[in-house]
């Protein structure tokens with residue numbers, strides 16, 4: 001669902017970027033104020049995991065693929081403000097390192113997936129959990145919220161395309177909604193499986209936002225999480241579906257895919273997840289994934305040091 005440059009006009013880019021600056025700025029202030037010190041390293045782990053998981057496109061109907069968004073997963077574990085920071089870090093690295101989403105459209109992509117995906121998904125999760133209660137209620141809340149976060153991001157994207165007059169609203173709305181309703185089901189299944197696994201192995205993470213984790217627990221989780229992220233990159237990502245994602249399918253169907261800018265505003269170091277100098281497609285993708293995980297960890301480490309200076 002990463003919008004490339006060329007799909008959105010100037011007014012939409014400016015409006016989306018302004019809303020993103022406001023949303024991410026508020027999330028940064030809340031994270032700095034509320035996130036316990038010992039949970040701060042989990043930001044890097046969460047970002048690395050989401051990045052690795054997003055490389056694993058899964059097939060849906062009609063030759064279209066989808067991938068994990070992760071907005072609800074991270075907001076359940078770390079809270080919505082921290083989730084916005086994590087998702088923003090992932091999207092920034094994807095954009096500048098891999099040309100995954102346009103530089104000019106970065107504000108819109110962050111707004112759709114990091115800000116709106118997190119805020120709406122977290123609100124739905126809290127409402128459903130309050131109504132149903134219990135562990136079964138938690139899983140139901142996670143499933144509904146995960147599906148809703150994908151639909152929210154997709155409909156925001158559709159609105160931006162329509163406002164840019166790239167494609168009419170009555171055309172793009174049902175197309176984006178239909179495809180991403182299916183992708184949202186995949187998101188719900190994946191997030192529910194992850195939350196269930198966490199509940200069985202590290203249940204303290206599901207209540208982490210109410211208090212600090214023990215130092216030993218946090219260190220163990222970080223090590224295991226980093227191993228899982230690298231394992232996904234090395235052993236699973238080379239076999240991810242190569243079918244186009246939901247936005248690419250809609251763009252090709254209605255012909256506005258030709259509007260995508262072929263020469264990016266800023267050249268990326270590893271375009272399209274193909275590590276330069278590596279001839280094998282499989283090993284090139286693995287190398288790109290490892291590089292991405294490393295850069296995200298370094299980026300979040302830098303921001304974590306800023307967070308540790310909170311009062």
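For the range 93-107, the criterion of a residue being assigned to a helix (DSSP H, G or I), within 11 Å of the chain's Cα centre (by Cα) and touching a residue at least 60 places away in the same chain (Cβ under 8 Å) is satisfied by at least one position. Residue 121 satisfies every condition listed in (1) within 23 Å of residue 286 (Cβ to Cβ); (2) in a helix (DSSP H, G or I) except (1). Per this entry, residue 264 is not counted among residues that are farther than 30 Å from residue 168 by Cβ, in a loop (DSSP other than H, G, I, E, B) and either at pLDDT below 90 or out of contact with any strand residue (DSSP E or B) (no Cβ under 6 Å at 6 or more places or on another chain) (or both). Among the numbered conditions (1) surrounded by fewer than 19 Cβ atoms within 10 Å (Cβ to Cβ); (2) touching a residue at least 24 places away in the same chain (Cβ under 8 Å), the only one that residue 124 does not meet is (1).
Scanning for something closer than 16 Å to residue 2 by Cβ, in a loop (DSSP other than H, G, I, E, B) and under 20 Å from the mean Cα position of the chain (by Cα), does the range 279-293 turn up at least one residue? Walk me through it before giving the result.
Of the residues in the range 279-293, the ones closer than 16 Å to residue 2 by Cβ are 288, 292.
After this cut, where a residue has to be in a loop (DSSP other than H, G, I, E, B) as well, the list is none.
No, the range 279-293 contains no residue that is closer than 16 Å to residue 2 by Cβ, in a loop (DSSP other than H, G, I, E, B) and under 20 Å from the mean Cα position of the chain (by Cα).
Does the range 240-255 contain at least one residue that is touching a strand residue (DSSP E or B) at 6+ places or on another chain (Cβ under 7 Å), assigned to a helix (DSSP H, G or I) and closer than 29 Å to residue 44 by Cα? Yes: one or more hits.
Of the residues making up the range 1-22, those that are crowded, with 20+ Cβ neighbours inside 10 Å and modelled with pLDDT of 90 or more are 2, 3, 4, 5, 7, 8, 12, 13, 16, 20. Within the range 164-183, the set of residues being part of a helix (DSSP H, G or I) and free of Cβ contacts under 8 Å to residues at least 60 places away in the same chain comprises 169, 170, 173, 174, 177, 178, 181. When 206, 161 are checked against the criterion of being in a helix (DSSP H, G or I), modelled with pLDDT under 95, more than 18 Å from the chain's Cα centre (by Cα) and surrounded by 15 or more Cβ atoms within 10 Å (Cβ to Cβ), a single residue qualifies: 206. Quick one: is residue 269 within 22 Å of the chain's Cα centre (by Cα) and surrounded by fewer than 18 Cβ atoms within 10 Å (Cβ to Cβ)? In short, yes.
Any idea which of 113, 151 is crowded, with 19+ Cβ neighbours inside 10 Å, touching a helix residue (DSSP H, G or I) at 6+ places or on another chain (Cβ under 7 Å) and within 29 Å of residue 290 (Cα to Cα)? Exactly one residue qualifies, and that residue is 113.
The values are calculated or read from the model by the stated rules, or taken from the named source; none is laboratory data. Keep in mind it's a predicted model, so treat the numbers as computed, not measured. Glycine gets a Cβ as well: all are built from the backbone with ideal geometry, and neighbour counts include every protein chain shown.
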